[in-house]
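Student: Just passing along the structure, written as structure tokens.
The values are calculated or read from the model by the stated rules, or taken from the named source; none is laboratory data. Here the structure is a predicted model, which is why all the values come from computation and not from measurement. Methodologically, a virtual Cβ is constructed for each residue, glycine included, from the backbone with ideal geometry; neighbour enumeration extends over all protein chains shown. Protein only, heavy atoms only, side chains kept; ligands, DNA and RNA dropped before computing areas. Shrake-Rupley method; radii C 1.70, N 1.55, O 1.52, S 1.80 Å.
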Amino acid sequence: MSTSLFRATPVARSALRAASAVKPAATFVRGKATLPDLQYDYGALEPYISSKIMELHHSKHHQTYVNGLNSALTTIAEAESKGDFTKAASVAPLLNFHGGGHANHTLFWENLAPASREGGGSPDGALGKAITTEFGSFETFVKQMNAALAGIQGSGWAWLAKDKAANGKLALITRANQDPVTGNFVPLLGIDAWEHAYYLQYENRKAEYFEAIWNVINWKTVAKRFEA
């Protein structure tokens, strides 16, 4: 990804340098999750995604997941240091929710690009061929993805993923809430179906949002993950 999910603070970096100068690898400093920078302005995805939605989605909602993840990690570390593994285990749902929210959104921002630059169109190369092989055509894939998004009850995500257990075969999967894509599946393209991703602009017409977002999908970043 273009921006690391975890970034050591200046104080942490100084501590690491000092520790390595005395006795290498003797001290571990946990990095903190940080909000990734976007590679485009908040208004760059208009008219398909409004500037206001992008600002709130990135600076408020994603920041909340970052804060929640750091809080959960701190609570777990403190509980483990005291041998309170029941307390550490009780934080697992928060770790899954906020950690998944952070990972999902970090990839989501990389999935997007202004229509005037690299957004929209359809993929070519190996990814384009794989989509045609698995779904019959790019148009059929988009219809199936939109149907999967529309079928999500409540909040969640629809994903194009690569199945490592099936020789890299493509799969269309959904996840509830902020559950991350794990196991044999490698997330390639995710579309956020939470209301905060579209409601200020599209209100209850979420099908219009599902159609519009294809105009700003960055297929180059999706292809890089597919080919990795």
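Student: Taking the range 72-91 only, how many residues are in a helix (DSSP H, G or I), more than 21 Å from residue 179 (Cα to Cα) and either of a type in the set (Ser, Thr, Tyr) or open to solvent by 60 Å² or more (accessible area, probe 1.4 Å) (or both)?
Tutor: Summing the residues that are in a helix (DSSP H, G or I), more than 21 Å from residue 179 (Cα to Cα) and either of a type in the set (Ser, Thr, Tyr) or open to solvent by 60 Å² or more (accessible area, probe 1.4 Å) (or both) in the range 72-91 gives 6.
Student: Tell me the residue from 56, 94, 69 that is modelled with pLDDT of 95 or more and either crowded, with 18+ Cβ neighbours inside 10 Å or touching an Asp or Glu at 6+ places or on another chain (Cβ under 9 Å) (or both), please. Steps first, answer last, please.
Tutor: Numbers: 56 fails: either crowded, with 18+ Cβ neighbours inside 10 Å or touching an Asp or Glu at 6+ places or on another chain (Cβ under 9 Å) (or both); 94 fails: either crowded, with 18+ Cβ neighbours inside 10 Å or touching an Asp or Glu at 6+ places or on another chain (Cβ under 9 Å) (or both).
Of the residues listed, the single one that is modelled with pLDDT of 95 or more and either crowded, with 18+ Cβ neighbours inside 10 Å or touching an Asp or Glu at 6+ places or on another chain (Cβ under 9 Å) (or both) is 69.
Student: Now, a different point. For the range 144-160, name all the residues that are surrounded by fewer than 16 Cβ atoms within 10 Å (Cβ to Cβ) and either over 21 Å from residue 185 (Cα atoms) or within 17 Å of the chain's Cα centre (by Cα) (or both).
Tutor: Across the range 144-160, the qualifying residues are 150, 153, 154, 155.
Student: Read through the list (1) assigned to a helix (DSSP H, G or I); (2) out of contact with any helix residue (DSSP H, G or I) (no Cβ under 6 Å at 6 or more places or on another chain); (3) open to solvent by 40 Å² or more (accessible area, probe 1.4 Å); (4) in contact (Cβ under 8 Å) with a residue 24 or more places away in the chain, then give the number of the only condition that residue 109 fails.
Tutor: (3)
Student: Could you check, for the range 145-156, whether at least one of its residues is closer than 23 Å to residue 42 by Cα, free of Cβ contacts under 8 Å to residues at least 40 places away in the same chain and outside any helix (DSSP H, G or I)?
Tutor: Yes - at least one qualifying residue is present in the range 145-156.
Student: Still on this model: Before we move on, is residue 190 farther than 27 Å from residue 129 by Cα and not polar (S, T, N, Q)?
Tutor: So residue 190 fails the test.
Student: What are the pairs, 6+ residues apart or on separate chains, where a residue within the range 130-144 that is touching a residue at least 24 places away in the same chain (Cβ under 8 Å) has its Cβ under 6 Å from a residue that is open to solvent by 30 Å² or more (accessible area, probe 1.4 Å) and assigned to a helix (DSSP H, G or I)?
Tutor: 131/138
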